[in-house]
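Report on the following structure.
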Number of protein chains: 2
Amino acid sequence: MKFICAQQELNARTGVVLKAVPAKTTMSILQYIYIDAGEEGIRFFANDMENGIETKVEGTVEEAGYVAIEAALFSSIVRTLPDNEVTVTVDDNYLVTLDCESTHFTLPGRSGDDFTFPPEVDKTDAVTMRQATLKNFIAQTVFSVSTNDANRIMTGALLTIEENECSMIALDGHRIAMRKTELQSPVSGTKKAIISGKTLLKLRDILSDQAEKEVQIYFTQKLASFSVSDTFFTTRLIDGEYFDVSQMISGDYETKMQVGRRQFLEGIERAMTLSHDGDKKPIILGIQDQEMEIKVSSTRGSMNSLVMVKKDGKDILIGFNPKFLTDALRVIEDDELSIYFVNPKAPCYIRNEENNYLYMILPINFKTVE
Amino acid sequence: MKFICAQQELNARTGVVLKAVPAKTTMSILQYIYIDAGEEGIRFFANDMENGIETKVEGTVEEAGYVAIEAALFSSIVRTLPDNEVTVTVDDNYLVTLDCESTHFTLPGRSGDDFTFPPEVDKTDAVTMRQATLKNFIAQTVFSVSTNDANRIMTGALLTIEENECSMIALDGHRIAMRKTELQSPVSGTKKAIISGKTLLKLRDILSDQAEKEVQIYFTQKLASFSVSDTFFTTRLIDGEYFDVSQMISGDYETKMQVGRRQFLEGIERAMTLSHDGDKKPIILGIQDQEMEIKVSSTRGSMNSLVMVKKDGKDILIGFNPKFLTDALRVIEDDELSIYFVNPKAPCYIRNEENNYLYMILPINFKTVE
């Protein structure tokens, strides 16, 4: 095997497949990149058995062939090579050589006969959306998936595509994060996939922020495959029926508060300086006509801070885990938020008129201070 | 006690004294900042028994007094306060309140009767130098101090001021790093201080990069005190006689090589991709008339890379710990270096004509490959 490509391209493509190389494993082949050079061009594969990635490397094939090469080592070498053309050669004993300017590397490779390729997904029925939209959806919901493996389904987020509407939902038993948008190209029927939070974070890293770039998504019963530029990212879905979130959400409210996102966030961040790690001390919000009082009291000290608000409906005194509030407030783009409350034992909702985001957070009990 | 000052000033000054607050300690008072407000203004003190810091906070004292306050908590609160005036008040029970805009914090303080103030240093005989020079000296030598406590003296660097010359030396038994410069204001007599590497890193953080700013240094038998703007940083010196480095350094050589710093550094960094952590594999330099070959061979693979050089004297084949070379190459400002060799068992020297830097590195044995 022999191919030639630019160092920057080689480095970028190695970085992409590295997302599907596990840090630790008992099966050594999983830590290898499989390289295939032939009529279909130069292709890199990696597979950690949950996620598989195939990516195409721009370059010139001079001799067809294949090899499996240790991913971490290959990646660190490729990163330090000069910014110039790299010639990769593999001999009959799978000895790999890399030549770039006056630098010459020799590394032992493997045949890769024991390499498992990522599963093939039927690529006839695609859903197309903007990469930036999917990337934002992940950042705006993934913090709400559960980190507790006891309930597998909660460790994933639900991606739903229904005609021209696309949504992502994550929940962990204490809160729900939901994002919704209209697709430019409607699809027929409904597609649903529960994708693990860890996988979503990896997928996010290969998605582009550029507004025009698109991703094609292919769904099967067990798999979803994301086609991004010359890369296929294929993941095994979490099996099961997701929660019916519509049952958990109510539009009724007794109190509506409008507040500046930044001021609210900073007030909570100030209050959090008084909580030790792992300390479940709630912050208390006292909402009145013109202002909200943010209060906290712990063994370390106490704080209160006033934030100007606009309130409709009843006054309310309600306690929250401050982290759940900051997680949501940090990912909302609006400067002015509307937050809806029913009573101190019922969840609050942060949502906008267009209904393209909704964050539900359960309150926590607190003993009234003072 | 009551004083008023700007949040930014309060935050900056708290950050300075925090350098002398230990992360862990059995004496809880060491984790407190002692605040004194009175005729001498607002002063913050911290002391970890090795280093003591006193800093002046710009602001208005409305009522004299003092208090000791938990450093980490105070710092994290001050950081999140609005960018505006902060009023700090302490009552007779050492209860501290902070008021800033509509935010109000209450924290329990202590009398600080058990607080140990940093030792006083006689401030009559100062050495004055540029902060940027001292800051650079630290960065350019401190990596060469030993991290092994078995030889206490090696864990520090020697700062020497002799008439109009100032130098800093660090060594660990395998290498020497030395920097020298002329002072603008000569002093009488010789001043020497062995300062721990850990202390130097803390001191570096409070020194400014700005060319005009100066530091005054006061020396006693046991202490050195650095006066930086409104801050005194006082440290206990390492006791003992430092090594006579002039005995270890030789001007003789058999080979002189001139090489581009960047090309040499990149070549070594490439070679280092083949060494595992803790792997003491040497890199081998084969120096000939027009070029140097950098070679390495390990269980992971092998590399060779050619770098253009200008050589005077004999050809040489010599092995080094690559980290010792990169540590030195990263902190030298010159683009073109002169490196001097005697034989494969003798140290090499990287130094310039003006003699204001010298890096000595011992070679390591290697089995010749090929």
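At-a-glance table
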read-out: Scan of the range B:143-172 for residues that are at pLDDT below 95 and of a type outside the set (D, E, K, R), ordered by number; value: B:147, B:148, B:150, B:151, B:164
read-out: Qualifying residue in the range B:38-54 (condition: in contact (Cβ under 8 Å) with a residue 12 or more places away in the chain, within 14 Å of another protein chain (Cβ to nearest Cβ) and touching a Ser or Thr at 6+ places or on another chain (Cβ under 7 Å)); value: no
read-out: All positions within the range B:162-179 that are farther than 16 Å from residue B:135 by Cβ and not acidic (Asp, Glu); value: B:164, B:169, B:171, B:173, B:174, B:175, B:176, B:178
read-out: Considering residues of the range B:341-370 that are among the β-branched types (Val, Ile, Thr) and loosely packed, with under 12 Cβ neighbours inside 10 Å only, the residue modelled with the highest pLDDT; value: B:368
read-out: Test set (1) polar (S, T, N, Q); (2) at pLDDT 90 or above; (3) closer than 30 Å to residue A:105 by Cβ - residue B:246 fails condition number; value: (3)
read-out: Hits in the range A:313-341 (condition: farther than 18 Å from residue A:294 by Cα, touching a residue at least 12 places away in the same chain (Cβ under 8 Å) and in a loop (DSSP other than H, G, I, E, B)); value: A:332, A:334, A:335
read-out: When residues of the range A:298-310 are limited to those that are more than 8 Å from chain B (Cβ to nearest Cβ) and surrounded by fewer than 20 Cβ atoms within 10 Å (Cβ to Cβ), the one farthest from residue A:252 (Cα to Cα); value: A:299
read-out: Sole residue being touching a Gly at 6+ places or on another chain (Cβ under 9 Å), over 23 Å from residue B:154 (Cβ atoms), away from chain A (no Cβ under 14 Å) and not β-branched (Val, Ile, Thr), chosen from B:253, B:242, B:218; value: B:253
read-out: Flag if residue A:137 is closer than 22 Å to residue A:324 by Cα and of a type outside the set (A, V, I, L, M); value: yes
read-out: Evaluation of residue B:226 against (1) of a type outside the set (Ser, Thr, Tyr); (2) assigned to a strand (DSSP E or B); (3) more than 14 Å from the chain's Cα centre (by Cα) (one fails), failing number; value: (3)
read-out: Members of the range A:105-114 found to be closer than 23 Å to residue B:273 by Cβ and more than 14 Å from chain B (Cβ to nearest Cβ), listed by number; value: A:112
read-out: Candidates B:291, B:336, filtered to the one that is within 13 Å of another protein chain (Cβ to nearest Cβ), touching a strand residue (DSSP E or B) at 6+ places or on another chain (Cβ under 8 Å), closer than 18 Å to residue B:266 by Cβ and surrounded by fewer than 19 Cβ atoms within 10 Å (Cβ to Cβ); value: B:291
read-out: Matching residues, the range B:16-37, being in contact (Cβ under 8 Å) with a residue 12 or more places away in the chain and either among the polar types (S, T, N, Q) or touching a Cys at 6+ places or on another chain (Cβ under 6 Å) (or both); value: B:25, B:31
read-out: Among (1) of a type outside the set (Lys, Arg); (2) in contact with a Ser or Thr (Cβ under 6 Å, 6 or more places away or on another chain); (3) over 30 Å from residue A:238 (Cβ atoms), the one test that residue A:60 misses; value: (2)
read-out: Residue tally, condition farther than 22 Å from residue B:248 by Cα and either surrounded by 21 or more Cβ atoms within 10 Å (Cβ to Cβ) or within 14 Å of another protein chain (Cβ to nearest Cβ) (or both), over the range B:311-333; value: 0
read-out: Pick from the range A:218-230, criterion surrounded by fewer than 19 Cβ atoms within 10 Å (Cβ to Cβ) and of a type outside the set (Lys, Arg), ranking: modelled with the highest pLDDT; value: A:223
read-out: Candidate set from the range A:148-168 (those that are farther than 26 Å from residue A:208 by Cβ and outside any helix (DSSP H, G or I)); member that is farthest from the chain's Cα centre (by Cα); value: A:150
read-out: Filtered residue count, the range A:55-86, keeping only those that are of a type in the set (Lys, Arg) and either away from chain B (no Cβ under 14 Å) or in contact with a His (Cβ under 7 Å, 6 or more places away or on another chain) (or both); value: 1
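So that you can scan it fast, the table gives a plain yes or no per residue for (1) over 17 Å from the mean Cα position of the chain (by Cα); (2) assigned to a loop (DSSP other than H, G, I, E, B); (3) surrounded by 22 or more Cβ atoms within 10 Å (Cβ to Cβ):
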{"site": "A:114", "(1), (2), (3)": "yes, yes, no"}
{"site": "A:146", "(1), (2), (3)": "no, yes, no"}
{"site": "A:170", "(1), (2), (3)": "no, no, yes"}
{"site": "A:177", "(1), (2), (3)": "no, no, yes"}
{"site": "A:201", "(1), (2), (3)": "no, no, no"}
{"site": "A:216", "(1), (2), (3)": "no, no, no"}
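The values are calculated or read from the model by the stated rules, or taken from the named source; none is laboratory data. Source: prediction; values computed, not measured. Virtual Cβ from ideal backbone geometry, glycine too; neighbours counted across all protein chains shown.
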